[in-house]
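Notes follow once the structure below has been shown.
The values are calculated or read from the model by the stated rules, or taken from the named source; none is laboratory data. From a predicted model like this one, the values you see are computed outputs, not experimental measurements. So basically every Cβ, Gly included, is an ideal-geometry build from the backbone, and we count neighbours across all protein chains shown. Heavy atoms of the whole protein, side chains included, go into the accessibility calculation; ligands, DNA and RNA do not. Shrake-Rupley method; radii C 1.70, N 1.55, O 1.52, S 1.80 Å.
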Amino acid sequence: MQFPESWLREFCNPPITTAELADLLTMAGMEVEEMLPAAPPFTNIVVAEVLRTDRHPNADRLTVCQVNAGTGAPLTIVCGAPNVRAGIKVPCALVGAELPPGDDGVPFKITLNQLRGVESQGMLCSARELKLSDDHAGLLVLAADARVGQSIREHLSLDDTLLTLKLTPNLGHCLSVYGVAREVAALTGAPLHTPKPPRVAAAHDDKLRVKVEAPDLCGRFSGRIVRNVDTRAATPAWMVDRLARCGQRSVTALVDISNYVMFEYGRPSHIFDLDKIHGGLTVRWGRSGESLKLLNGNTIEVDEQVGVIADDEAVESLAGIMGGDATAVSDETKNVYVEAAFWWPEAVAGRSRRYNFTTDAGHRFERGVDPALTVEHVERITQLIIDICGGDAGPMGDQVIALPQRKPVTLRVDRASKVIGMPLTQAQCAGVMRRLGLDFSEGDGVLSVTPPSWRFDLQIEEDLIEEVIRVLGYNSLPDTAPVATILPRVRSESLRSSHALRQRMAALDYVETINFSFVEERSERELAGNTDPIRVLNPIASPLAVMRSGLIGSLVNVLRYNLARKAARVRVFEIGRVFMRDASVADGELTVGGIHQPVRLAGLAYGSADAMQWGAKERAADFFDAKGDVEALFAPRSVAFIADAHAALHPGRCARIEVDGTPVGVIGELHPRWRQGYDLPVAPIVFELDLQAVLARDVPQFAPIQRQQSAWRDLSLVGKDSVTHEALMQAIRATSTSLVRSAQLYDIYKPQAPSGDIGPGERSMTVRLELLDDENTLTDERIDAVVAEVLASLSARLDVRLRG
C-alpha cells in the first residue's frame, strides 16, 4: 500500500523524522518496502499569473506572455503551450532555475535567451517538465487561490515522501492511511486525530428498497440516495494529487471520491446510478446460469458460491469485489445510490481469483473491514459528493443483520514473558492494550481482552503476545546467549559427506544443478519408465504435475535449456530426492507411509570429452568417459558394470552398476527415441547412483611394507570374442591360491583373418599377473604351479587356452 507521509501526519504527527518513521513501521511489522520523494529536485520555480498573451511576431505556435511571478515588474516569457491564456496561474521557472534532470541525469538550467527574436525571461512549466506526471498536453494550471511568488514545492507540498508498505495478511486494519496512523499513535504515544464526519441533513425522503437474503454473506448494509448530482464536475486538484500519490489514477469525481475514502479509512464502497436500478436491491448468493458484465469489461458466470447484489431483473454487482457495468455512473447520471457494507471475509476470500483478477476492494474485504463504521463512511462520501458535485441527500438506510461476535481473549503475563523471552509486568501489558485502544479487564496476572470491531486478527493468546512485543519494540529484547547442551556429532569414518562428493564431482568437471522435484508426466513415463507416478495435488504449473522417481529427466531438461542458449559442452550433476510408491514404508518422523524417498546422485555429459585445448584432439564424450568418472567416485572401491536395460537408455549401451554384488545405479547413452523426441543433436551419456552407496567408503587398513619382492608373469591367452574383461578377471580370482595379488589385461590382438592358433571368432589377450608371498621368497616351482592353476581355471570356466 502506497500513501504520502503528509497525509499520515494529518492524523498522527509524532516528533520523529521520515527515516525514523519508516524504521518504526518496519520494526512494528509494517515493512516499509520503498521510500520515494513526491517530486524530483528542482529550484527557483514559483507560482505565477499570466497577465496578458500576444501572438509571437515570428512564430505561429508561440505566444508572448506577460507574467506576474512576484518579482516586482512583469516578466516577458515566450511559451508554446496550447492552453496558455490570461488569468491562469501556472508554475514559472525563473532565470537561474534548475529543472529536474533528464535522461542524461543533468539538470536543465533556465537562462535568459532569445526565442525567434523575442527575449524570454523564464519558462512556464507543464507537469511533465517538472516530472510530476506524464501529462504534457499543456501547462500545469494551478488553483485560482494560489499565492503569486510562492515556491511551487511549498504550494503543491512536493517536499513529501511516498511510503510503500508491504503488509502481511493479518494487518488488514492497516490498509488505510488512518489505520496506519492509529498504529503510529499506539507505537509513539503521539495523539491521534480522528475526524468525525458531519451528518448530512436529508433534503428529501426517498429511500431505496434493499433486502439482505444472505446473512452469511453480508452482516451490515448501509446506503442513501443523493439526487441532482453533477457528475461532470471536476475532481479538486488536492484530491487528484493525493490519489496520484497513492498510485491511483483520477477517473471521474464520483469514482475518485469512492477511492479517496477507501484509501483514507479503508472502506471500499460503491456508487450506483439510481435510475438504472430496476426496483430495489437484493443481497444474496448467486445462482447457476446468471451472468454479470463487470466494470472492467469482463463478463463472468456466477454460481451459488459467489455473493452478488441484484435488482429485480438482473445481477448488478459482485459483492465486495467489483460493481457491474449496467448500473455504473456516467456523465449522464443525475441520481446516485451510495452503498457501504460489511461483507464477511470468508464470503469474499478467493472469489475474485476464480475469475483471474484482483481488486482493492476484495483485497480489503477478505482481510476484514470494520463493520461498525459503515454509516459514518457513507456520511463522509455523501459530504464529499455534495461539496464537489452538488446534490440533495436522502435519509440514511442502515440494516444490521449479523455482526462478528468478539470473544474475549485471555493473556497470561507469565506466558507472555516466557514466549517473548524477557521479564514483563502486568502494568506493561495493560499499557500496551490501552495504547492500542483495546477493551480489557484485569485479574491476578491475567488480562481478558475484547478485540475491537476493526481487529480481525486477535483470536488467540499468541496474537496478544505479538501485540505486546510489537508495541514495546523488538529492540527492547535483551541479547541473551542460548544455553544448551552441545553434543558433537562425529561422522563415521566409513561415510564421507555429500559436500565432499560435490567437490569430487566438481573436480571431475561437472557443474551442480538444482531442479524441482515435480516434473512433467511425459518425462516421468518416458525417462523413468514410471506409469503410475505420485501426483501433486496443487501444482505450481499444470505441466509440473507429478513427483519424479528419477533424476535423468531433470538433467535432460537442463541440457535442453543450455542447448537453447548455444552451449556446446554440458557436464552437470544433481544430488536430489526421488519419490516412489512403496507399500512397505510406514509413517514415521522422517517418512511418509507408502512412499519411498531415497536420495540419488545423477550426472550428464554432453559434447566434447575435454574442454577446448591445444594439447589433445577434440573428441566426443562416450560411455567409457562416464564409466571412468563413476569409478573415480567410488575409488578405491571396485565397481562392476553389467550389461542391462533401462527405459531411458540405449539398449546396447547401458549397464547396471554393482558394488559387492549389490545394484547401486545405471549408466548409459540416452535412447535414440528420446534423443529425437527431446530434440537433442547428440545423445548424452547419463548415470544415476544411489547416494548412500556412493557416500560409503572402506576404512583404511594399515599394513606393513612388503618384505618380499613380487614376481610378474605375462600370459598370452586365446579365447572367444564373447569373453569379457569382467569374466576373465573373475576366472583368475576364482583360483584357490592367495599368491595372485593383481591381474591386468594390457593387450588385445585380433588378426584380420584366422592364422596359427587363433581361429575364427577368437582373439588373443595378454594378462599380467602379480604374484607375492609376504613371508617367503617365491621359487620357480611355486610360480609355475600358480600359473598352471590360473590356466586351468580359465580353461574350465571360459574355454581359454594358452597361446602357442
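For the range 1-89, what are Rg and Dmax over the alpha carbons, in angstrom?
21.5, 64
Percent of Cα-Cα pairs more than 23 Å apart in the range 317-471, please.
The proportion of pairs with Cα distances above 23 Å equals 55 percent.
Using the Cβ atoms and a cut-off under 9 Å, what net charge is assigned to the surroundings of SER549, where Lys and Arg are +1 and Asp and Glu are -1?
Local net charge: +1.
Which order do the peptides 685-695, 287-297, 761-771 come out in when sorted by mean C-beta neighbours inside 10 angstrom, highest first?
The densest-packed peptide leads the list: 685-695, 761-771, 287-297.
Averaged per residue, what accessible surface does the range 634-790 expose to a 1.4 Å probe, in Å²?
Accessible area per residue, the range 634-790: 56 Å².
Rank by packing, highest mean first: peptides 213-221, 671-679, with packing defined as the count of other Cβ atoms within 10 Å averaged across residues.
Descending mean neighbour count gives 213-221, 671-679.
At a 1.4 Å probe radius, carbon and sulfur cover how many percent of the accessible area of the chain?
The C+S portion of the solvent-accessible surface of the chain is 50 percent.
Set the Förster radius R0 to 60 Å, insert the Cβ-Cβ distance between SER448 and GLU775 as r into 1/(1 + (r/R0)^6), and round the FRET efficiency to 0.05.
0.10
Roughly what angle does helix 780-798 make with the longest principal axis of the chain, taking Cα atoms, 0 to 90 degrees, to the nearest 10?
Rounded to the nearest ten degrees, it is 60.
Around ILE385, what is the net charge, scoring Lys/Arg as +1 and Asp/Glu as -1 over all other residues with Cβ under 12 Å from its Cβ?
Net charge in that neighbourhood comes out at -2.
Taking 0.36 nm per residue of separation and subtracting the Cα-Cα distance, what length does fully extending ALA583 through ALA481 add?
32.1 nm
With a point put 7 Å past each Cα toward its Cβ, work out how far SER291 is from GLU154 in nm, to one decimal.
6.0 nm
Return the tail of the calculated pair distribution for the range 379-535, meaning the percent of Cα-Cα pairs more than 29 Å apart.
Taking all Cα-Cα pairs of the range 379-535, the fraction more than 29 Å apart is 63 percent.
Please determine, in degrees from 0 to 90 and to the nearest 10, the orientation of helix 623-634 with respect to the longest principal axis defined by the Cα atoms of the chain, where the helix direction is its Cα long axis.
90 degrees
How much net charge surrounds GLU346 when only other residues with a Cβ under 12 Å from its Cβ are counted (Lys, Arg +1; Asp, Glu -1)?
Charge balance in the 12 Å sphere: 0.
Any chance you could give the angle, 0 to 90 degrees and rounded to 10, that helix 461-472 forms with the longest Cα principal axis of the chain?
The helix 461-472 is inclined about 70 degrees to the chain.
Just to be sure I understand the model, the point goes 7 Å from the Cα along the line to the Cβ. What's the resulting ALA233 to MET35 distance in nm?
For ALA233 paired with MET35, the spin-label model returns 3.8 nm.
Once you've got the Cα coordinates, tell me which of LYS166/LYS293; LYS566/LYS617; LYS131/LYS196 are over 26 Å apart.
Cα-Cα > 26 Å for LYS166/LYS293; LYS131/LYS196; rest within.
Distance between Cα centroids, the range 47-110 to the range 290-311: provide it in whole Å.
Distance between centres, Cα-based: 51 Å.
Can you divide the C-alpha Rg of the chain by 2.2 N^0.38 Å and report the result to two decimal places?
1.48
Rank ARG489, ARG548, ARG733, ARG782 by accessible area, highest first, at a 1.4 Å probe radius?
Result of the area sort, largest leading: ARG489, ARG733, ARG782, ARG548.
Cβ neighbours within 10 Å, averaged per peptide: list 200-210, 537-547 in order, most packed at the top.
200-210, 537-547
Any idea how far the Cα center of the range 538-585 sits from the one of the range 731-767, in Å?
Here the answer is 43 Å between Cα centres.
What residues of the range 518-548 lie in the reach of a label at GLN305, counting those whose backbone N is under 15 Å from a point 7 Å from the Cα along Cα→Cβ?
538
Suppose R0 equals 30 Å. What FRET efficiency, 1/(1 + (r/R0)^6) with r the Cβ-Cβ distance, do THR735 and ARG763 give to the nearest 0.05?
Approximately 0.85, to the nearest 0.05.
Multiply the residue gap between ALA507 and LEU403 by 0.36 nm, knock off their C-alpha separation, and tell me the result in nm, one decimal place.
Additional length available on full extension: 30.7 nm.
Let me know the Kirkwood hydrodynamic radius for the range 110-263, please, with Cα pairs as the basis and the value in Å to one decimal.
In the range 110-263 this quantity evaluates to 20.6 Å.
Taking the Cα-to-Cβ direction at LYS720 and at THR76 and moving 7 Å from each Cα, how far apart do the two end points lie in nm?
The modelled label-to-label distance comes out at 11.5 nm.
Using the alpha-carbon centroid of each, what span in Å lies between the range 589-640 and the range 396-437?
Each part reduced to its Cα centre gives a spacing of 60 Å.
Taking the Cα atoms of the range 1-156 alone, what are Rg (to one decimal) and Dmax (as a whole number) in Å?
Final numbers for Rg and Dmax: 18.8, 64 Å.
Please report, in whole Å, how far the alpha carbons of the range 710-775 spread along each principal axis, starting with the longest.
47, 19, 16
Rounded, prolate or oblate, given the Cα gyration tensor of the range 473-622, with a/c below 1.5 counting as rounded?
In terms of gyration-tensor shape, oblate.
By how many nm would the segment from VAL787 to THR591 lengthen if fully extended, with 0.36 nm per residue of separation less the alpha-carbon distance?
Roughly 65.1 nm would be gained on extension.
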